[in-house]
Amino acid sequence: MGKKYNVAVVGVGVVGIEMLRVLKERHFPVGKLSVLARSARNINVDGATYPVQAISSEAFEGIDIALFAGTEGEKGAATTYANEAVKRGAVVIDNGADFRMDPKVPLVVPEVNAKDVKKHKGIIANPNCSTIQMVVALWPIYKKVGLKRVIVTTLQASSGAGKSAVEQLKEENSKIAESGYIDVQVNVENKAMPQQLAYNVFPHIGEFSDSDYTSEEWKLVKETHKIMHDDKINISATTVRVPVRTGHSEAVYIETGKFISPEKVKDIFSKSSGIILVDDPQNNLYPMPKDAEGRDEVFIGRVRKDPFVKNGLWLWVVADNLRKGAATNAVEIAECVILN
Ligand SMILES: NC(=O)c1ccc[n+]([C@@H]2O[C@H](COP(=O)([O-])OP(=O)(O)OC[C@H]3O[C@@H](n4cnc5c(N)ncnc54)[C@H](OP(=O)(O)O)[C@@H]3O)[C@@H](O)[C@H]2O)c1
């Protein structure tokens, strides 16, 4: 029998729940499983009951791998407990943004930079969901012909903002339905997003802080540079929340270093690991978030030339933000850790 690892999953929101599913589906060699959140209770996932313990530093005793999917920030799970887990001998894989740009912390998408896992000093960061699917698409083209410029507009689902955002969208939709679809301006009590999302889209994910760009837009720039080890790629982003439950879409414009035809790009994608090419627009075939929900791959379509710029190409990139954008990528990192 192979070695087993004691695993902790921290947080049982939309990402934490998906982590429990992915660990099971991928037959991760789990010894003892500890599920931790702010309060103790039992939760049910696909018919299986998981006891949830209230988090404490001591809960990390004997844990080999700690997968963090708690809320970010000052009082978030990773800022408070990641170092406590590392002190007790665990390798932490964190889904939040708190450690991603720390030079001592590898930021990993296994299809791109799996070898960075080896450099960890206890903590490995999982990138932002919109960054993960974009770099999976960019990497094979970058390796072949280089990249000078990336302009991306994201269309991000409600679940990207956590379970309370999914609830907000549901509640807004039912209030609009109750009005007989006459009034599409609604107000709900628990607002997890800065605007109404039902019957709406808004270009505001993260905070504007001291820049014209949002923090989410900067994540796409800085995290891509770190993962691809190249900060010379010019990247500019607009991130938009759309009324989709799960599955982020991205319109990605690239200017390559050398000319490459769309046919060659499609050929490369069809042979790349973790990518499924869905590109037959004449037959209405292109990736859509409803089809990507529950899947682990990144779906790419609408590969086409810019009619005015020789090295310009458009890509349409879709992935499940809770799977490849979070839980699956984190568990894949854990698989790299145990193989090293
Ligand atoms: N949603 C996405 O698409 C996505 C993608 C990539 C990365 N992420 C990141 O993944 C993390 C989790 O996101 P989510 O969308 O799953 O959030 P969520 O649905 O809001 O769930 C948050 C979970 O974190 C737990 N939690 C909060 N503070 C905690 C603390 N101090 N100690 C222990 N547990 C704590 C909560 O516990 P209780 O249930 O007890 O309240 C809850 O279960 C965030 O850092 C997020 O930025 C999310």
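The values are calculated or read from the model by the stated rules, or taken from the named source; none is laboratory data. Here the structure is a predicted model, which means the values were calculated and not measured. A quick note on method: Cβ atoms are made from the backbone with ideal geometry, for glycine too, and the neighbour counts reach across all protein chains shown.
Go through Thr131, Thr154 for me and flag whichever is within 11 Å of the chain's Cα centre (by Cα) and either more than 9 Å from the ligand (Cβ to nearest atom) or touching a residue at least 12 places away in the same chain (Cβ under 8 Å) (or both).
Result of the check over Thr131, Thr154: Thr131.
Looking for whichever is in contact (Cβ under 8 Å) with a residue 24 or more places away in the chain, in a strand (DSSP E or B) and within 16 Å of the chain's Cα centre (by Cα) here; the options are Val244, Val240. Which one fits? So that I can check it myself, show each step before the final result.
On the way: Val244 fails: in a strand (DSSP E or B).
Every option except Val240 fails the conditions.
Within segment 87-111, which residues are of a type in the set (A, V, I, L, M) and surrounded by 20 or more Cβ atoms within 10 Å (Cβ to Cβ)? Working first, answer last.
Initially, segment 87-111 is screened for residues of a type in the set (A, V, I, L, M), giving 90-93, 97, 101, 105, 107-109.
Across segment 87-111, the qualifying residues are Ala90, Val91, Val92, Ile93, Ala97, Val105, Leu107, Val108, Val109.
Considering only residues that are β-branched (Val, Ile, Thr) and surrounded by fewer than 17 Cβ atoms within 10 Å (Cβ to Cβ), which ones fall in segment 31-64? Break it down into steps so the answer makes sense when it comes.
Step one: of segment 31-64, the residues β-branched (Val, Ile, Thr) are 35, 43, 45, 49, 52, 55, 63.
Ile43, Val45, Thr49, listed by residue number.
Glu84 is checked against (1) part of a loop (DSSP other than H, G, I, E, B); (2) surrounded by fewer than 23 Cβ atoms within 10 Å (Cβ to Cβ) and fails just one. What number does that condition carry?
Unmet condition: (1).
Working carefully through the options Asn329, Asn311, find the one that is in contact (Cβ under 8 Å) with a residue 24 or more places away in the chain and within 24 Å of Lys115 (Cα to Cα).
Answer to the selection: Asn329.
Considering (1) out of contact with any Phe, Trp or Tyr (no Cβ under 6 Å at 6 or more places or on another chain); (2) more than 10 Å from the ligand (Cβ to nearest atom); (3) within 24 Å of Thr131 (Cβ to Cβ), say which one Ile65 fails and leave the rest.
(1)
Answer yes or no as to whether Lys232 is within 21 Å of Lys324 (Cβ to Cβ), away from the ligand (no atom under 15 Å from the Cβ) and not hydrophobic (A, V, I, L, M, F, W, C).
no
So that you can scan it fast, the table gives a plain yes or no per residue for (1) more than 11 Å from the ligand (Cβ to nearest atom); (2) among the β-branched types (Val, Ile, Thr); (3) closer than 25 Å to Ile227 by Cα:
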{"site": "Asn6", "(1), (2), (3)": "yes, no, no"}
{"site": "Leu23", "(1), (2), (3)": "yes, no, yes"}
{"site": "Asn42", "(1), (2), (3)": "yes, no, no"}
{"site": "Val45", "(1), (2), (3)": "yes, yes, no"}
{"site": "Thr71", "(1), (2), (3)": "no, yes, yes"}
{"site": "Thr79", "(1), (2), (3)": "no, yes, yes"}
{"site": "Ala90", "(1), (2), (3)": "yes, no, yes"}
{"site": "Phe99", "(1), (2), (3)": "no, no, yes"}
{"site": "Asp102", "(1), (2), (3)": "yes, no, yes"}
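Being more than 15 Å from the ligand (Cβ to nearest atom), outside the structural domain of Ala251 (by TED's automatic domain parsing) and touching a Lys or Arg at 6+ places or on another chain (Cβ under 8 Å) narrows it down to one residue among Val166, Val188, Val184; which is it?
On the way: Val166 fails: more than 15 Å from the ligand (Cβ to nearest atom); Val184 fails: touching a Lys or Arg at 6+ places or on another chain (Cβ under 8 Å).
After applying the criteria, what remains is Val188.
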